[in-house]
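Since the structure comes first, as structure tokens, the remarks are kept for the end.
The values are calculated or read from the model by the stated rules, or taken from the named source; none is laboratory data. Just so it is clear, the model here is predicted, and its values are computed rather than measured. Cβ sites come from the backbone with ideal geometry, for glycine too, and all protein chains shown count toward neighbours. Please note that ligands, DNA and RNA were not included when accessible areas were found on the heavy atoms of the full protein model with its side chains. Shrake-Rupley method; radii C 1.70, N 1.55, O 1.52, S 1.80 Å.
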Amino acid sequence: MNRFASPAVAQAAEWFAARSARERLLLQILAVLGLIAVLWYGVIQPLATARAAAMERIALHESLQARLKLGPPGIAAAVQTTSLAEGALVEAARAAAAAQGLPVQIDGDAERIAVAAQGVRFEAAMPFLRMLESGGAELSDVRMQASAQPGLIDLTLTATRP
């Protein structure tokens, strides 16, 4: 009775058994080297490449997060306070956007607005957000995504009067 499931495997086992001890040793070494090559090029190297790319993305995310907290250089001079007590939230947001030259779409009323801006510079979006916050608006659902054009972002947010 044949102990192999396939006739091809049985023929390969017979062929291997017919080799001399030196040939079997060389074939085993070749098989081990082939397995190492498959593991290196098929598993380890792609994982190392993916890890390096992930580390780069993490570093980029951390630097962007730090920039979000601190804002671009010279932001303190650029930020002007727009008080919400002076008018409706919509007008305050329009004034802040105009001060930064942002093409924004603002929908809402005196108490709650939704702001959307496509293809704006990050350096202009941060002072806009600071102006809204310093004026007393509470920002929520702030989302910044890379725009199709390099160096630009798409910004959406919701602001409410406290």
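Filtered by the rule that a residue be within 29 Å of the chain's Cα centre (by Cα) and open to solvent by less than 50 Å² (accessible area, probe 1.4 Å), segment 91-113 gives ALA93, ALA96, ALA97, GLN100, LEU102, VAL104, ILE106, ILE113.
The residues on offer are LEU68, LEU64, LEU39, LEU60, and the sole one that is at pLDDT 95 or above and in a helix (DSSP H, G or I) is LEU39. Scanning segment 116-126 for residues that are closer than 16 Å to THR158 by Cα and surrounded by 18 or more Cβ atoms within 10 Å (Cβ to Cβ) gives ALA117, ALA125, MET126. Among the residues here, ARG130 qualifies as on the phi < 0 side of the Ramachandran plot and either at pLDDT 85 or above or among the aromatic types (Phe, Trp, Tyr) (or both). The single condition from (1) open to solvent by 90 Å² or more (accessible area, probe 1.4 Å); (2) at pLDDT 95 or above that GLY34 fails is (1). The set of residues in segment 98-119 that are in contact with an Asp or Glu (Cβ under 8 Å, 6 or more places away or on another chain) and without any contact (Cβ under 8 Å) to a residue 40 or more places away in the chain comprises ALA117, GLN118, GLY119.
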